[in-house]
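The structure under discussion appears below in the form of structure tokens.
The values are calculated or read from the model by the stated rules, or taken from the named source; none is laboratory data. Just so it is clear, the structure is predicted and the values come from calculations on it, not from any experiment. Please note: Cβ atoms are built from the backbone with ideal geometry, for glycine as well, and neighbour counts cover all protein chains shown.
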Amino acid sequence: MADTSEVPAERRPLPAPRAAFGVVTAVFVSFSLLGFLHVLFMDVGPGEVLLSFGCIVVLLLMQLRWCSSTAARGRSLIGYWVLAAQIASVCLPILVYGQAWVGMSGFLAGSVLLALRPVAGWVSFCLIVVSIAAAQLYFTGSPVDIVYKLISTVSTGLVVYGLSRLTALVVAVQAA
């Protein structure tokens, strides 16, 4: 291992787990801000904007919990409760924000892959994607919007899953 004592602190590489978690946090915050911007463009009052911000913060914190845990901890009783809270935080705001909130489902799609056993996770992932297509059909009926939301949900879900697993793997490799 190279001696880093002569390298200034600001030029030393970050420990791998911290760097991985930092990347994941930046990506998840970016996705969350996109969801919040959709709500800001709606004609809603300050109360609805504040509620949206609160829901997004809760979703973000829950998502960061997934990426900082191992799959075994994710499949615990508390993991299932966190998943249930995430389901509520994704689905219930759709009643208030409609189409502006549909994009937040990618977090949920990724989380079911992390929290559930593989077959149940993939079935749930597909059900979320299909339900988002149905919601988009209800909101606009536009084929372009439906395909866009399908691709967006699949992509976001896979990014959430992949980055969360990558972070867990980096932690495991660093520990070994």
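Key figures for this structure:
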read-out: Members of the stretch 103-123 that are under 17 Å from LEU59 (Cβ atoms) and part of a helix (DSSP H, G or I); value: SER105, GLY106, PHE107, LEU108, ALA109, GLY110, SER111, VAL112, LEU113, LEU114, ALA115
read-out: Residue match in the stretch 35-58 (condition: more than 28 Å from ALA134 (Cβ to Cβ), part of a helix (DSSP H, G or I), at pLDDT below 75 and not acidic (Asp, Glu)); value: no
read-out: Flag for ARG117 being under 19 Å from VAL23 (Cβ atoms) and basic (Lys, Arg); value: no
read-out: Filter pass, ALA84 being more than 12 Å from the chain's Cα centre (by Cα), at pLDDT below 85 and either surrounded by fewer than 16 Cβ atoms within 10 Å (Cβ to Cβ) or among the hydrophobic types (A, V, I, L, M, F, W, C) (or both); value: no
read-out: Residue within the stretch 91-102 that is of a type in the set (Val, Ile, Thr), crowded, with 16+ Cβ neighbours inside 10 Å, modelled with pLDDT of 85 or more and in a helix (DSSP H, G or I) present; value: yes
